[in-house]
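Student: Pasting a structure here, questions to come.
The values are calculated or read from the model by the stated rules, or taken from the named source; none is laboratory data. This structure is a prediction, so every number in the text was calculated from the model and none was measured. Cβ placement follows ideal geometry from the backbone for every residue including glycine, while neighbour counts extend to all protein chains displayed. Each accessible area value is taken on the protein alone, full model and side chains, heavy atoms only, with ligands, DNA and RNA left out. Shrake-Rupley method; radii C 1.70, N 1.55, O 1.52, S 1.80 Å.
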Amino acid sequence: MLSLWSAVFVSLLLGQQPAQPPQTPAAPAPPPPPTTGRPPTRADILRGEYGRYRANNDLLFYHLDVRVDPGKKWIGGKNTIRFRMLKDDTRIQLDLYANLNVDKILLGTTPLKYEREINTVWVDFPQPLKAGRDYTIEFYYSGNPQQGGRFGGMTFGKDPAGQDWIYTACEGQGAAVWWPNKDQWRDEVESMRISIAIPSALVDVSNGKFLGKTDLGDGYTRWDWTVQYPINNYSVSANIGNYVHFEDRLDGLPLDFYVTPGNLEGAKRQFAQAKGMIEAYEHYFGDYPFAKDGYKLIEVPYSGMEHQSAVTYGNHFANGYLERDWTGVGISPKFDFIIIHESGHEWFGNAVSAADVSDMWIHEGWTTYLENLYVEHRFGYADALKYVNGYKSKVRNREPIVTQRGIHRSPPQDMYFKGALFLNTLRSVVNDDQRWWKLLHDFFQHFKYQNILTEDVIAYFNAQLGAQLGRDLTPIFNQYLRRTDLPVLELAFNQSEGTVAYRWKADERDFAMPIRVGTADSWQVIQPTTDWKVMKTSLNKDTFDVATDLFYVNVSKQ
Ligand SMILES: [Zn+2]
């Protein structure tokens, strides 16, 4: 309605008849299409659904206390799990991969019955557990963990000198690949203790603050760590090797680095970037979110992973990503991609977490945008703009970024690059950098240590920006995150009138987004909707430009 009237108004101002749109207006769009992915399996549902026996309790504390035998590629021990019941019930759902043994599960001294189904362990209690009460069970297990997945799950390997090197990275498979836990994304444990007993010649680096090590007298030494913040299950990590350690501080924050002896010099040179990284992210979002646990970088043979307060690193001690120019525009050789990206997840992924893998753009889209903020802070706006636009070559636009909930279906790679380009577009929509910086800071602080969904992000942005912008931002978020195609700015030039008609072609009928058009040295902001409007212009089809480096859109001219 508004846009129809404004089109008429503009036309009247121009002293013309309302312009005839070159095409009929778009019909109301159907709701976002259902997923195009394969149907889920029972295993997917068990992994992804926040069902009754997960939702009936709230995790409070884990103590993972295990022994790792490199020779036998074996792990065994227990996880002590404390949880609060939210409803009266007699069963809870935990998870442990089917190839690992459940040795026993105890409530006090009482052995509990359990039933195994694929990688789930249904734990039954003889009497109903009462809502509001806290319970502690001990889950004993053992076996030979599977190796596989992108970064190995739990890998028993060797370092270049032939020493044992054992490491875990299990975001895809889930933490149940190597230890028993409530393996889902919605409920993070509030705090955790990690105790790993290993042959005494080796070092274990896990998450959190190092408490100390204890010689067990049988050739093994136990390394104890305490995690003093909520943590995702998949972020829990053991890194066992012949590590050497060096340290630094950033103001009061301890920075600890662990590498194999041959890489000590390279690490001292390369890991100096950690300080500038933390300073940049603190500039935009506030203090490093896990200060009591410190910040660590730990060498591993795979490229890297954002384990909370214990980021693992395998980027060859060189700038770029595995010595390549990551976005192909000459910017990423200025910094170490893995230090900058994986550590960015301390803010988005670890502190602000998605509550379902369907919404993982909250980790990856945001952290990819953080790389861009790092570039802007360190190297300036021109480099940042170049860097973020380098992502366009990586976007496919084949399926929506947000996937179906409850089936643990990882979103497509677009969640990284299209996600970051979308956030860069939002900055241009806000068109007021001071407001944008405050919004980013406040958004992070508001959701720090929470597990959220896309709806929470949209509601927050609408509450902060809706009044200023005079519009509901939901259709913009939906078009970029829940639809496949980019919005297209349709431009129809009328040379004899000296006008151009314009509108958005988008799946969201209410899609309305301002954009800069005209010429780069004097952009004009227009407010297209999905209905036609007409404006006067002295430019023609060839000279009329659109700021597609600030707004990630397609343009169609006729
Ligand atoms: Zn990432």
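Student: How many residues does the stretch 321-334 contain that are in contact with a Phe, Trp or Tyr (Cβ under 7 Å, 6 or more places away or on another chain) and within 16 Å of the ligand (Cβ to nearest atom)?
Tutor: Here the count works out to 4.
Student: While we're looking at this one, here's another question. Answer yes or no: is there a residue in the stretch 342-355 that is open to solvent by 10 Å² or more (accessible area, probe 1.4 Å) and within 11 Å of the ligand (Cβ to nearest atom).
Tutor: yes
Student: For the stretch 94-119, what are the residues that are in a strand (DSSP E or B) and open to solvent by less than 30 Å² (accessible area, probe 1.4 Å)?
Tutor: Once the filter is applied, which keeps residues that are in a strand (DSSP E or B) and open to solvent by less than 30 Å² (accessible area, probe 1.4 Å), the stretch 94-119 yields Leu94, Asp95, Val102, Ile105, Leu106.
Student: Do the conditions hold for Lys213, that is, is it closer than 19 Å to Glu346 by Cα and either modelled with pLDDT of 95 or more or buried (at least 17 other Cβ atoms within 10 Å of the Cβ) (or both)?
Tutor: In short, no.
Student: In the stretch 315-333, what residues are open to solvent by 10 Å² or more (accessible area, probe 1.4 Å) and closer than 28 Å to Asn242 by Cβ?
Tutor: His316, Phe317, Ala318, Asn319, Tyr321, Leu322, Glu323, listed by residue number.
Student: Is there a residue in the stretch 502-512 that is hydrophobic (A, V, I, L, M, F, W, C), outside any loop (DSSP other than H, G, I, E, B) and in contact (Cβ under 8 Å) with a residue 60 or more places away in the chain?
Tutor: Looking for residues that are hydrophobic (A, V, I, L, M, F, W, C), outside any loop (DSSP other than H, G, I, E, B) and in contact (Cβ under 8 Å) with a residue 60 or more places away in the chain, one finds none in the stretch 502-512, hence no.
Student: Here is a further query. Select from the stretch 359-399 the residues that are open to solvent by 40 Å² or more (accessible area, probe 1.4 Å) and either without any contact (Cβ under 8 Å) to a residue 12 or more places away in the chain or in contact with a Cys (Cβ under 8 Å, 6 or more places away or on another chain) (or both) and list them in ascending order.
Tutor: Tyr381, Ala382, listed by residue number.
Student: Mind listing whichever residues of the stretch 216-237 are touching a helix residue (DSSP H, G or I) at 6+ places or on another chain (Cβ under 9 Å), surrounded by fewer than 19 Cβ atoms within 10 Å (Cβ to Cβ) and outside any strand (DSSP E or B)?
Tutor: Passing the criteria: only Gln228.
One line per residue, one yes/no per condition, for (1) in a helix (DSSP H, G or I); (2) at pLDDT 95 or above:
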| residue | (1), (2) |
| --- | --- |
| Val429 | yes, yes |
| Arg435 | yes, yes |
| Asp442 | yes, yes |
| Asp456 | yes, yes |
| Ala459 | yes, yes |
| Gln468 | yes, no |
| Asn478 | yes, yes |
| Arg483 | no, yes |
| Glu497 | no, yes |
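Student: If a residue has to be open to solvent by 10 Å² or more (accessible area, probe 1.4 Å) and either more than 30 Å from Glu346 (Cα to Cα) or without any contact (Cβ under 8 Å) to a residue 24 or more places away in the chain (or both) to count, how many in the stretch 475-489 make the cut?
Tutor: Number of matching residues: 2.
Student: When you check Ile338 against the structure, is it within 12 Å of the ligand (Cβ to nearest atom), aliphatic (A, V, I, L, M) and touching a helix residue (DSSP H, G or I) at 6+ places or on another chain (Cβ under 8 Å), yes or no?
Tutor: When the stated conditions are applied, Ile338 does not pass them.
Student: Can you pull out the residues in the stretch 120-161 that are open to solvent by 40 Å² or more (accessible area, probe 1.4 Å) and either of a type in the set (Lys, Arg) or not in a strand (DSSP E or B) (or both)?
Tutor: Of everything in the stretch 120-161, those that are open to solvent by 40 Å² or more (accessible area, probe 1.4 Å) and either of a type in the set (Lys, Arg) or not in a strand (DSSP E or B) (or both) turn out to be Lys130, Ala131, Gly132, Arg133, Asn144, Gln146, Gly149, Arg150, Lys158, Pro160, Ala161.
Student: Pick from the stretch 167-210 the residues that are basic (Lys, Arg) and in a strand (DSSP E or B): which of them is most open to solvent (accessible area, probe 1.4 Å)?
Tutor: Lys209
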